[in-house]
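The values are calculated or read from the model by the stated rules, or taken from the named source; none is laboratory data. Source: prediction; values computed, not measured. Don't worry about glycine lacking a Cβ; one is built from the backbone with ideal geometry, like all the others, and counts go over all protein chains shown. Only protein heavy atoms, including side chains, enter the accessible area calculation; ligands, DNA and RNA are left aside. Shrake-Rupley method; radii C 1.70, N 1.55, O 1.52, S 1.80 Å.
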Amino acid sequence: MRSGEAGDIGNVDFTNGENGTVVTVHVSRSDDGLYTVHLMPMFNDDQIRVELHREMDLAIIEPGAGRPV
């Protein structure tokens, strides 16, 4: 992740029912124009599943996996 102007980076914290942060998500745009989504779990990252919803299909990254399944 790189630091930059406010327009370059967005941060969102998602909380649970006890108002504790579950995950922080950062979206940044790199110099090549692509966007990168960074997920930073604030507890056991084995409880996070990532789903990338694309126009024609769905990619899922299961806990403990390094690539979409």
Is there any pair linking a residue in region 36-49 that is touching a residue at least 12 places away in the same chain (Cβ under 8 Å) and within 11 Å of THR24 (Cβ to Cβ) to one that is among the charged types (D, E, K, R) and surrounded by 10 or more Cβ atoms within 10 Å (Cβ to Cβ), with Cβ under 9 Å and at least six apart or on different chains, and which? LEU39/ASP45; MET42/ASP13
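Does region 16-38 hold any residues that are assigned to a strand (DSSP E or B) and either loosely packed, with under 10 Cβ neighbours inside 10 Å or touching a helix residue (DSSP H, G or I) at 6+ places or on another chain (Cβ under 7 Å) (or both), and which are they? Break it down stepwise before answering.
Just the residues of region 16-38 that are assigned to a strand (DSSP E or B), to begin with: 21-29, 35-38.
Answer for region 16-38, where residues must be assigned to a strand (DSSP E or B) and either loosely packed, with under 10 Cβ neighbours inside 10 Å or touching a helix residue (DSSP H, G or I) at 6+ places or on another chain (Cβ under 7 Å) (or both): SER28, ARG29, TYR35.
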So ILE9 fits all but one of (1) open to solvent by 70 Å² or more (accessible area, probe 1.4 Å); (2) modelled with pLDDT under 85; what number is the exception? (1)
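Name the single residue that is nearest to VAL12 (Cα to Cα) among those in region 26-47 being of a type outside the set (Ser, Thr, Tyr) and under 10 Å from the mean Cα position of the chain (by Cα).
If we filter region 26-47 for residues that are of a type outside the set (Ser, Thr, Tyr), which is where we start, we get 26-27, 29, 31-34, 37-47.
Subsequent filtering for residues that are under 10 Å from the mean Cα position of the chain (by Cα) retains 26-27, 37-41.
On the way: HIS26: 7, VAL27: 9, VAL37: 11, HIS38: 11, LEU39: 10, MET40: 10, PRO41: 12 Å.
Selected residue: HIS26.
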